[in-house]
Amino acid sequence: MNFPIYLAKRYIKSRRGLNLLSFISLFTIGGIALGVAVLIIALSVLKGFEDAVAEKIVNLNSHIYITGFSDRMLDEPEFIIPVMREVTGDNYENISPFISGNAIIRSRRLSEGVKVIGINPEDEAGLAQYIVSGAFSFDSLKGKPAVIIGKKLADKLFVKPGDKITFFSLPGKKPPSAENPPMIKQFIVSALYESGMAAYDDIKVYIDFESARKLFMTDGKVSGYNIRLTNISGIDSLAADLQDILGYPYNVRTIYQEFQSIFTWLDLQKEPVPLILGLIVIVAAFNIIGTILMLVLERTVEIGVLRAMGMTRKQVTKIFIIAGMTLTVTGILIGNLLAFLISLAQMELGLVRLPSSVYFMSVAPVSIEPAHYILVSVFALIISLGSSWIPGRIAARMDPVKALRFG
């Protein structure tokens, strides 16, 4: 075994038991492990939030969202969809029209204001992922059209799949009058969905496209179009092209424009990351420097003997750099394992719960990204190398005569 490596391992072990690490070494390893784990978990949670929110928004909407200015109705799909396909080329996964409008929904006990969205079931597989009760289907039940509502809304109305509810809407989105009386229509709840986002679960209900057309009497027109893309790298330029070609009254917005406040909120959450990283770096650096300096003080006489016997300053520095790197690598491995186990437990068990009205989801999401583990580990190693070199140089510059005399 290389002599500096042998001494480095000997120095970080306890004097009482050669096979046990000293208390200060264990303390240092624990500090590094905790710092690495905290930073990785923070990055994993931030990435998890971004992915989960984006996925839910896309599944319940689209990458590109086209509506009419001032809530105007748009032309029939058979004339517009071919134009959209030509502009998007091979980059579109699906283009689906929808009809939306406000309505009052009433059960036997209560009434609530909701936003009704009429969709084509074959085009909206995203909603099916969040069904928690019943079946994703708009087939008629008991001779009445089906409706899918949020679980929270269902709890408010005290309804479940199979129950009957009544819609009150305004045909043509015009004020009620003797010539334009409210439309009253009964539906059967076929399923409940739960996305974890209060803005959807409490407000939005989904019915069949044709049922929405009859409910709001749209005369062949639609409220808008959802476009899902296969690649969103050029989404901004594609949206601009669509806006130029479609013109007024079409209003083309990307998912990032439509939900700008949410994505801005996600970006703001990343702001503290450099601060957290800086604090962890400072703690890790002080841990390493303090530990190695204590080793230097404890081994002053031994360092003096080694220098008197001819060991070079470079070899002495190497001893303490190896000691610091050994402690750091051990701490990094434990920190990586700890972060992985905690992240896995959160993904499988959902230990940390969140208020969905604030965070858009009921469970804190976690995304396990190998890049986070590699980045944090490499950064910790670099800091460790620099932190170990400082006390190593102090030990190397020690005068052998003074070390032997005052050690």
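Kindly indicate whether any position in region 41-61 is open to solvent by 50 Å² or more (accessible area, probe 1.4 Å), of a type in the set (A, V, I, L, M, F, W, C) and more than 30 Å from Leu337 (Cβ to Cβ).
No, every residue in region 41-61 fails to be open to solvent by 50 Å² or more (accessible area, probe 1.4 Å), of a type in the set (A, V, I, L, M, F, W, C) and more than 30 Å from Leu337 (Cβ to Cβ).
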field: Test: residue in region 334-341 that is modelled with pLDDT of 85 or more, within 19 Å of Lys56 (Cβ to Cβ) and either out of contact with any His (no Cβ under 8 Å at 6 or more places or on another chain) or open to solvent by less than 40 Å² (accessible area, probe 1.4 Å) (or both)
entry: no
message: Name the residue that is modelled with the lowest pLDDT, counting only residues in region 224-269 that are open to solvent by less than 40 Å² (accessible area, probe 1.4 Å) and in a loop (DSSP other than H, G, I, E, B).
response: Phe259
field: Leu351, sole failed condition from (1) in a helix (DSSP H, G or I); (2) modelled with pLDDT of 70 or more; (3) surrounded by fewer than 17 Cβ atoms within 10 Å (Cβ to Cβ)
entry: (1)
task: Could you please find all residues in region 21-56 being more than 18 Å from Gly335 (Cβ to Cβ), part of a helix (DSSP H, G or I) and among the small types (Gly, Ala, Ser)?
output: Gly48, Ala52, Ala54
- prompt: So which helices (runs of 4 or more DSSP H) stay within region 71-190 end to end and still have 1 or more residues that are surrounded by 13 or more Cβ atoms within 10 Å (Cβ to Cβ) and modelled with pLDDT under 80?
  reply: 77-88, 125-128
query: Using beta carbons and a limit of 6 Å, which pairs, at least six apart or on different chains, have the first residue in region 239-255 and within 13 Å of Ile227 (Cβ to Cβ) and the second one of a type in the set (Gly, Ala, Ser) and in a helix (DSSP H, G or I)?
result: Val252/Ala239; Thr254/Ala239
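The values are calculated or read from the model by the stated rules, or taken from the named source; none is laboratory data. Here the structure is a predicted model, which is why all the values come from computation and not from measurement. Note that we place each Cβ from the backbone using ideal geometry, even for glycine, and neighbour counts take in every protein chain shown. Protein only, heavy atoms only, side chains kept; ligands, DNA and RNA dropped before computing areas. Shrake-Rupley method; radii C 1.70, N 1.55, O 1.52, S 1.80 Å.
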